[in-house]
Amino acid sequence: MTRETPVRSITMIGIVALIALIGSCVEARDLTVTAWGGASQAAAQKVYFKPFVEKTGIKLQEDSWSGGIGVLRTKVQGGNASWDVVQVEVDELILGCEEGLFEKLDWGRLGGKDKFIAPAVNECGVGAVVWANALGYDGDRLKDGPKNWRDFWDVKKFPGKRGMRKGAKYTLEIALLADGVKPQDVYKVLGTPEGVDRAFKKLDELKPSIIWWTNVSQVPDMLASGELTMSVITPARLLAANKNDKRNFKLAWDGNLYSIDYWVILKGSPNKEQAMQLVSFMTRPENQKQLPSVIPLGVTNKEAIAQADPDALANTPANPDNIKNAVNINAPFWVENSDQLNQRFNAWATK
Amino acid sequence: MSNGATLRAAPVVAFDSAALKAGLRRAERSQKFHALVLVAPLLLFLALNFVLPIGSMLLRSIQDPEMSAAMPATAALLRALPNGALPDDRLVGVLVTELRQTSERGALSGIANRLNYDINGFRALLFRTALQIGPETSRATLDDLVSIDPRWGLRETWAALKHASGPYTSFYLLAAVDRRVTADGGIAKTPAQQAIFVDVFERTFGVSAVVTVLCLVLAYPVAYLLATVPARLANLLLILVLLPFWTSVLVRTAAWMVLLQREGIINSIGRRTGLISDPVQLIHNRIGVYIAMTYVLLPFMVLPLYGVMKGVSRLGVRAALSLGASPFAAFRRVYIPQTLPGITAGCVLVFILAIGYYITPALVGGADDQLISYFIAFYTNQTLNWGMAAALGLVLLAATLMLYGVYTMLAGTSGLKWR
């Protein structure tokens, strides 16, 4: 009898734990917001998540992810999704909206569509941040640095390796810009077979000098060590390295490629009402305007742009000077053509 | 064996041979049963964690479930469509009905993605058509479809649809060897601009072969040294071999990035000593891949060689020398043949590991140094085209098994003989 007791108590504990586990699954969970982790999520936490909890008293859980429409499909179609509000890239916004993975937003509660810059408005999502890919280099190594993508191709004036993201997206647009195509015509040209040939022909010129990176976090180190003379890079990352590691990285914004991340609410969210409240909170001008001061990313609410600290905004893609000659990454084009162009890019790059 | 010996040693008179055999069988059966019970957890583990997932993943290379699941009637009619033919009105009618239903369910994306793998732009074609086909009562003929988009009048469009009608397909496997099915049902080469994989497979095997040879050349003297020096020193040296072996591949590759880069240690030493004037490009190219892969895989060559060399008696070489052979001839004709099992085991081990290498070429290689695993990872993680990833994996697995078969045929039996 005494020998059996531990076994029994263990069994009992197991049963109790199991009941508790089942109970916690059935019980409504807290509102959960999912973003991209790292510095950008830390900024969102400071500017949005913590103040939201303080003001509304709504409990908020955080998670992070690294993208992929497959993840969202599994969450929504599997039922009982564990996320409510998610920060998605524009490709995921388009695909997910098409597939019915997201709730339609109540634009009335966001203050109306005309309060936001045009590309930030979508029936399934509202723009969260504006980010970009621009030309970055180390100001300590290049005093009179490159100004645009044409300089990026000029290996005589600026000898050394160039870093580009391994993949067709961004790379083909940049090649066309370097070849003299106007920013507003990039996708018109790239939409034709001749345009694609032209981009690859331009890339052929630079091919021996290109080092392809896959993870953007490698790039600041490679620039600092002289492995790369210049690189395609997200400005926020270089500026963070300037701030944290006392670097002197410089940017050439001419011909940068910018895009927007969106807030979406997953279909069938049990916390839909609270989720809408959070999205509305995060897009209000008085809250959004603080973001650029914390991290050099652009915001989407027109009033927020007007009210934000101009010094902070100067380093974001939303700065009128920076956006002047920029290309808005055409997500529908890439949803349509990425299979074929990536295949061709891979075939080209591996030869 | 020991069981049989005991039985044989027992007094013979008490048993007739049939009962003896039955007893022996019984004893062996129960032994086998016990052995089976002991290995059952491992077998179960292997089946659940190895055979099942790999098998189901590889099956994806021949499955084509999207259309046959979402639009079953259309898929059935498409399978009956002759090669290179345009559809009749019945097929078009069914297609339009099911397209509308699928679109309303929000399930069109899977089919659209699958067809877009085959013909670029098919995704948009499908979504645009689904938007424009009218309400249920409207007539749907091929002409109606062509008026929405002229591509519906092309034989290639319908051939792609037929080819995607499932439930099984050769699409992915053919694509993995740079081939595709034409509108007439024949097989043609993928256009040169899109063809990748034959080159990459050749490169994978080429790089692996070079790395294997480099490993053998470097490891043989090391293993010989290990096997001939006094045990104490040998243990110390063995630790030097094993220490990197126990360190993460990622860490060791990253270390090579530091060593090899433009202003890295090797280039700065070279420049300081005046050996080179300009930095040599040692990384992000084939040289870097060879260096780093050879380094990472070296222990896999040293250890089998060392194991075999430990067992090789030195008497043979001494005998050859005393019979008048030159030291080199004695080494070549007496010593090396005795280490052949170690050489083959080491080479096969290194080669098979090398053809699956992903992280090292990804970090120290350029775009034209990526091996097939890179593309498997690319399709698995980035484009979510798992059919393509599975097909590449299947081709790689088949090639590896074939090589392993050749190895067991050539070396397996002799390897056993040596032991």
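Things worth noting here:
- Complete set of residues in region A:54-72 that are among the hydrophobic types (A, V, I, L, M, F, W, C) and under 22 Å from A:D261 (Cβ atoms): A:L60, A:W65, A:I69, A:V71, A:L72
- Selected residue [of a type in the set (K, R), farther than 25 Å from B:V146 by Cβ, over 34 Å from the mean Cα position of the chain (by Cα) and surrounded by 10 or more Cβ atoms within 10 Å (Cβ to Cβ)] from B:R25, B:R60: B:R25
- Looking at region A:258-351, the helices (runs of 4 or more DSSP H) lying wholly inside it that each contain 1 or more residues that are away from chain B (no Cβ under 14 Å) and open to solvent by less than 40 Å² (accessible area, probe 1.4 Å) sit at A:272-283, A:285-288, A:291-294, A:302-307, A:310-314, A:320-323.
- For A:C124: the one exception among (1) out of contact with any Ser or Thr (no Cβ under 7 Å at 6 or more places or on another chain); (2) within 22 Å of A:S293 (Cα to Cα); (3) modelled with pLDDT of 90 or more; (4) not polar (S, T, N, Q): (2)
- Looking only at region B:183-194, and only at residues there that are part of a loop (DSSP other than H, G, I, E, B) and either charged (D, E, K, R) or within 14 Å of another protein chain (Cβ to nearest Cβ) (or both), the one that is farthest from B:V350 (Cα to Cα): B:D184
- Residue, farthest from A:W149 (Cα to Cα), within region A:238-248, restricted to residues that are open to solvent by 10 Å² or more (accessible area, probe 1.4 Å) and in contact (Cβ under 8 Å) with a residue 24 or more places away in the chain: A:D245
- Residue in region A:195-203 that is closer than 17 Å to B:Q194 by Cβ and acidic (D, E) present: yes
- Set B:G264, B:G270, B:G274, B:G288: member being on the phi > 0 side of the Ramachandran plot and small (G, A, S): B:G274
- Residues being among the polar types (S, T, N, Q) and more than 14 Å from A:S280 (Cα to Cα) - total across region A:42-63: 2
The rows are residues; the columns are (1) under 30 Å from B:H163 (Cα atoms); (2) among the acidic types (D, E); (3) away from chain A (no Cβ under 14 Å); (4) out of contact with any Asp or Glu (no Cβ under 6 Å at 6 or more places or on another chain).
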| position | (1), (2), (3), (4) |
| --- | --- |
| B:F201 | yes, no, no, yes |
| B:Y224 | no, no, yes, yes |
| B:I239 | no, no, yes, yes |
| B:M257 | no, no, no, yes |
| B:E263 | no, yes, no, yes |
| B:P279 | no, no, no, yes |
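- Set A:T192, A:T234, A:T229: member being in contact with a Phe, Trp or Tyr (Cβ under 9 Å, 6 or more places away or on another chain), of a type in the set (V, I, T) and over 25 Å from A:G298 (Cα atoms): A:T229
- Test set (1) open to solvent by 20 Å² or more (accessible area, probe 1.4 Å); (2) within 14 Å of another protein chain (Cβ to nearest Cβ); (3) free of Cβ contacts under 8 Å to residues at least 24 places away in the same chain - B:I359 fails condition number: (3)
- Sole exception among (1) out of contact with any Lys or Arg (no Cβ under 7 Å at 6 or more places or on another chain); (2) open to solvent by less than 30 Å² (accessible area, probe 1.4 Å) for A:E89, by number: (2)
Okay, residues lined up against (1) modelled with pLDDT of 95 or more; (2) more than 14 Å from every other protein chain (Cβ to nearest Cβ):
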{"site": "B:S165", "(1), (2)": "no, yes"}
{"site": "B:V181", "(1), (2)": "no, yes"}
{"site": "B:I196", "(1), (2)": "no, no"}
{"site": "B:A209", "(1), (2)": "yes, yes"}
{"site": "B:A219", "(1), (2)": "yes, yes"}
{"site": "B:V229", "(1), (2)": "no, yes"}
{"site": "B:R232", "(1), (2)": "no, yes"}
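- Helices (runs of 4 or more DSSP H) completely within region A:49-164 that count 1 or more residues being out of contact with any His (no Cβ under 7 Å at 6 or more places or on another chain) and within 14 Å of another protein chain (Cβ to nearest Cβ): A:69-77, A:90-98
- Cβ pairs under 8 Å, 6+ apart, first in region B:326-342 and under 18 Å from B:L305 (Cβ atoms) and in contact (Cβ under 8 Å) with a residue 60 or more places away in the chain, second of a type in the set (D, E, K, R) and open to solvent by 60 Å² or more (accessible area, probe 1.4 Å): B:P341/B:R419
The values are calculated or read from the model by the stated rules, or taken from the named source; none is laboratory data. A quick note: this is a predicted structure, and the numbers were derived from the prediction, not measured. Glycine also receives a Cβ, built like all others from the backbone with ideal geometry; neighbour counts cover every protein chain displayed. Note: areas computed on protein heavy atoms with side chains; ligands, DNA, RNA excluded. Shrake-Rupley method; radii C 1.70, N 1.55, O 1.52, S 1.80 Å.
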